[in-house]
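Structure first, then comments.
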Amino acid sequence: MTQGLYEIISNEKLTETVYKMVVKGDTSAITASGQFVNIKLEGKFLRRPISICDFDENTITLIYKVVGVGTEQMSEMSCGKVLDILVGLGNGYSLNKCGDKPLLIGGGVGVPPLYNLCKKLINEGKKVTVVLGFNTKDEIFLESDFKALGAEVFVATADGSYGVKGFVTDAMKEIEYTYFFTCGPMPMFKAIEAVAVTSGQYSFEERMGCGFGACMGCSCKTKYGNKRICKDGPVLEREEIIW
């Protein structure tokens, strides 16, 4: 983990409530897909944790949803503004067990951290399938980006306005896969757990205080004792989770 100053080089609207921000600065602390950053905002006591969508040698791409005053404040920021950010938090996804046909499953704002993961898996020669879940057609983002990487992409919408009508589990039914990676809300996780046929990794979305394991505010029970989602997670393996 490092703390540094990062300059906003773009901040664009993707959907009615979802934005894509790119910041420039030191990315050396990022070691795995699925890690996150913690952003200090003016006038706010707690930093805002945002998952890393993508990164390169000097930029970090963050996709976030406006859900409160903090993220609304972020959505109004202009290029050139400098942010105090903690970078390289969390443990991220491990790629060493995924086999040849990994399945990536994202729900809503759980989609972004799967993008860099998809890029890495395809670069390793894996045949990647991606399932994205949204409520309606108007909420969809990153579908074309995953396709551009070379992944086979299925989209499920709860209201049936686009793609498969229903949930990510409906889209999963006919897909052959050797392992799965997922990020999204808890109800989606429990639905996946009921139908998944392989091992996999879940990346949890939890409310966090400090973001680096000091406050114990995001602890969860596992078969190996309590784990802190911000420090020991956000990614946990299927076999260790107590639902």
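The values are calculated or read from the model by the stated rules, or taken from the named source; none is laboratory data. In this text the structure is predicted, and so the values were computed from the model without any measurement. Neighbour counts are summed over all protein chains in view; Cβ atoms, including those assigned to glycine, are modelled from backbone coordinates with ideal geometry.
Descriptive notes on the structure:
- Residue check for Asp138: part of a loop (DSSP other than H, G, I, E, B), among the charged types (D, E, K, R) and either over 18 Å from Phe189 (Cα atoms) or modelled with pLDDT under 95 (or both): no
- Residue match in the range 86-99 (condition: among the β-branched types (Val, Ile, Thr), under 27 Å from Ile30 (Cα atoms) and surrounded by 13 or more Cβ atoms within 10 Å (Cβ to Cβ)): yes
- Checking Ser10, Ser51 one by one, the residue that is in contact with a Cys (Cβ under 8 Å, 6 or more places away or on another chain) and more than 26 Å from Thr182 (Cα to Cα) is Ser10 and no other.
- Among residues of the range 123-178, those that are of a type in the set (Ser, Thr, Tyr) and free of Cβ contacts under 8 Å to residues at least 40 places away in the same chain, counted: 6
- Of the strands (runs of 3 or more DSSP E) that lie entirely inside the range 1-120, those containing 2 or more residues that are of a type in the set (Asp, Glu) and on the phi < 0 side of the Ramachandran plot span 2-13.
- Subset tally (residues that are under 13 Å from Asn38 (Cα atoms) and not β-branched (Val, Ile, Thr)) for the range 61-80: 4
- Scanning the range 1-17 for residues that are among the small types (Gly, Ala, Ser) and under 20 Å from the mean Cα position of the chain (by Cα) returns a single hit, Ser10.
For (1) out of contact with any Ser or Thr (no Cβ under 8 Å at 6 or more places or on another chain); (2) at pLDDT below 95, each residue gets a yes or a no:
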{"position": "Asn116", "(1), (2)": "no, no"}
{"position": "Val130", "(1), (2)": "yes, no"}
{"position": "Phe146", "(1), (2)": "yes, no"}
{"position": "Gly150", "(1), (2)": "yes, no"}
{"position": "Met186", "(1), (2)": "yes, yes"}
{"position": "Val195", "(1), (2)": "no, no"}
{"position": "Thr198", "(1), (2)": "no, no"}
{"position": "Phe204", "(1), (2)": "yes, yes"}
{"position": "Ala214", "(1), (2)": "yes, yes"}
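- Looking only at the range 121-133, and only at residues there that are more than 14 Å from the chain's Cα centre (by Cα) and not in a loop (DSSP other than H, G, I, E, B), the one that is nearest to Pro185 (Cα to Cα): Thr129
- Within the range 90-107, being modelled with pLDDT of 95 or more and farther than 11 Å from Ser51 by Cβ holds for Tyr93, Ser94, Leu95, Cys98, Gly99, Asp100, Lys101, Pro102, Leu103, Leu104, Ile105, Gly107.
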